[in-house]
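The values are calculated or read from the model by the stated rules, or taken from the named source; none is laboratory data. All figures in this text were calculated on a predicted structure; none of them were measured in a lab. Cβ coordinates were reconstructed from backbone atoms using ideal geometry, including for glycine residues, and neighbour counts include every protein chain displayed.
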Amino acid sequence: MQTTLLGLAIAFIIALIAALVGPYFIDWSQFRPQFEAEASRVIGTKVRVDGALDARLLPTPSLRLRSVVVGGANDLGKVRADKLDVEFSLGSLMRGEWRATELTINGMALDLGLDAQGRIDWPASAGTFNLGSLAIDRLNLTGRIALHDASSRGALELNDIAFSGDVRSLAGSVRGDGNFMLSGIRYPFRVSSGQSADGNGTRVHLTVDPGTRALSVDLDGVLSFDARAPRFDGAVILAGPAGLKTATGDVTQPWRLSAKLKADPATARLEQLEASYGSDETALKLSGVADVRLGASPLLRATLSAKQLDADKLLARDNNASEPTRLLPGLRSLIAAIPPPSLATQIEVSAEQIMLGGRPVQNFAADLRGDAKSWTVDRLEFRAPGATRVTLSGAIAQPGPSASFNGSLSVDSSDPNTLAGWLQGRSEIAYRNQKPLRISGNLNVASDRIAIDHAIPRPR
């Protein structure tokens, strides 16, 4: 009996040593064709390993692959990785469960394509593996992701991605954080996802922190696919912090945009849109709707309105700055803070009343058009004190710190004394001139001056 037990113990020790030491003497590359064939069958699309291949059973089941390509030669949705290392949980494998204690993918390159109908070009999977059954305790990933749009012939590429997190199910449950490079700017981000309540989509929460750029993004909603065309239904918040210094030395005001978002590859609809500029107690707040046309000729159309705005609180540097002429430095800063749009833009803005210089400016309306080079004011008009109608049009060239406005100005006042008193912050008018005033000229607003050139009185 003792001899039998001793023999079993010796056999077990030999098997254990073979499992630990044996793999170092095996050339796993000779099994490359069998591995590629089995992986392709399980995943449901072609798998190719051009580099080294190594496997271990003990002390931890592990697999190491180099130069891996998932997808055929003509597949746009192709995945490449320079290095793939995975360690499995031995206990989970013995229970028939797929659980990776750590998965590291370095040098990943993922290219996704949207065809002319907005459908993702991704090879249909006929594999036998259930992605929902795989859990990853620790996922480390570096690489890049590119989205190619056939209709616009454009591409969005996220480079130098570094991500660390966990995956509870490749079918949709992911949580982690990292950062990426976009157009030369690095953005930190956090992401979490899980199955939607009805099981027909994936709930995604993505937060992009400002990083080196004064912009944060918060996206929360359900992502689903209809015949491989992505759909998103949720909410989005864009915000910029306060206190940053511009190139002109001015300090930026906080701003915020929030809306309900419904998007597909062709359009994006923003409802219940709320926009604010300034801190909570002094902010200018407007509401409205916006539509974004995507594709070959992207265009943003927005309509914003407000019943009453208080420009005195936003632009005044102190509580005594009641006359509009003392608010002009704030106006220059406001023009410099307007960023260039990333796509063609048309905006309509209106307000029933704006408090400026302690008096109401009424029936404010503006039509704006923008592109990457400039903003154009097609129409801006309002009624100022003194029964005065003011209209102007022109362009804001070089949006940003060096922005300047150049356009035409027209003033038609029935009570020019009241208008002048308002501009100077005077409430009492000592002398009244009953003659009306009509004048037109060129308005120039730059970082160092505001001027009206070639002012010409017009006969009434």
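I want to confirm something. Restricting to the range 254-313 and keeping residues that are farther than 27 Å from Ser224 by Cα and hydroxyl-bearing (Ser, Thr, Tyr), which single residue is surrounded by the fewest Cβ atoms within 10 Å (Cβ to Cβ)?
That would be Ser279.
Can you go through Asp111, Asp85, Asp54 and tell me which one is at pLDDT 65 or above, of a type in the set (Asp, Glu) and closer than 30 Å to Asp149 by Cα?
Going through Asp111, Asp85, Asp54 in turn, just one is at pLDDT 65 or above, of a type in the set (Asp, Glu) and closer than 30 Å to Asp149 by Cα: Asp111.
Restricting to the range 378-392, name every residue that is closer than 17 Å to Ala451 by Cβ and within 36 Å of the chain's Cα centre (by Cα).
Answer for the range 378-392, where residues must be closer than 17 Å to Ala451 by Cβ and within 36 Å of the chain's Cα centre (by Cα): just Leu392.
List pairs: first in the range 291-316 and closer than 13 Å to Ser342 by Cα and hydroxyl-bearing (Ser, Thr, Tyr), second at pLDDT below 85 and in a loop (DSSP other than H, G, I, E, B), Cβ under 9 Å, 6+ apart or cross-chain?
What qualifies is Ser297/Ser152.
Pick from the range 119-155 the residues that are under 18 Å from the mean Cα position of the chain (by Cα), of a type in the set (A, V, I, L, M) and at pLDDT 85 or above: which of them is nearest to Ser89 (Cα to Cα)?
That would be Ile145.
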